1. Let's see if you can work this out: charge +1 on each Lys and Arg Cβ, -1 on each Asp and Glu Cβ, no other charges. What is the dipole magnitude of the chain about its Cα centre, in debye to the nearest 20?
2. Applying the Karplus parametrisation 6.51 cos²θ - 1.76 cosθ + 1.60 with θ = phi - 60° to the phi angles of the stretch 44-60, what ³J(HN,Hα) value in whole Hz is obtained for each residue in order, glycine and proline being reported as x?
3. Given a 1.4 angstrom probe, I'd like the percentage of the accessible area of the chain that is carbon and sulfur, rounded to a whole number.
4. Between residue 11 and residue 35, what is the spin-label point distance in nm, taking each point 7 Å from the Cα along the Cα→C-beta axis?
5. For every other residue with a beta carbon closer than 13 angstrom to the beta carbon of residue 17, add +1 if it is Lys or Arg and -1 if Asp or Glu, then tell me the sum.
6. Could you identify which residue out of 21, 30, 42 has the top mean-square fluctuation in a GNM of the chain using Cα springs shorter than 10 Å?
7. Between 58, 20, 44, where does the largest GNM mean-square fluctuation fall for the chain, given springs only between Cα atoms within less than 10 Å?
8. Quick one: among 27, 37, 50, which has the greatest mean-square fluctuation in a GNM of the chain with alpha-carbon springs under 10 angstrom?
Amino acid sequence: TNFRKNLFAMLEQTIKYNETVNISTKDGNVVVMSEEDYRGMVETLRLLSDPSMKEKLTEGMQTPLSDCVAESEIEW
């Protein structure tokens, strides 16, 4: 009921602040999320489903920052 009353405002808040909205109904629940968050989640799942990429990401997360190259030193 609250979601229906404030549909537009809640959608705008979801987009602006990347906050998910949980909606409970008598038939089940729904989660509303921004397209940006959705695409990020799908990309994360895609990367982690590749065993070699998952290994590289895990290795990178375990690398101390002192062993990393500063972003300012990277040529884009």
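1. 700
2. Per-residue couplings from phi come out as 4, 4, 5, 5, 6, 7, 8, x, 5, 5, 4, 5, 5, 5, 5, 4, x Hz.
3. Working: 3860 of 7080 Å².
C and S fraction of accessible area: 55 percent.
4. Placing both labels 7 Å beyond Cα along the Cβ direction yields 1.2 nm.
5. Result for the local shell: -3.
6. Of 21, 30, 42, the Gaussian network model singles out 30 as fluctuating most.
7. It is 58.
8. Top of the fluctuation ranking is 27.
The values are calculated or read from the model by the stated rules, or taken from the named source; none is laboratory data. Computed from a predicted structure; not experimentally measured. Every residue, glycine among them, receives a Cβ derived from its backbone with ideal geometry; neighbour counts consider all protein chains shown. Ligands, DNA and RNA are stripped out before the accessible areas are found, and what is left, the full protein with its side chains, is counted by its heavy atoms. Shrake-Rupley method; radii C 1.70, N 1.55, O 1.52, S 1.80 Å.
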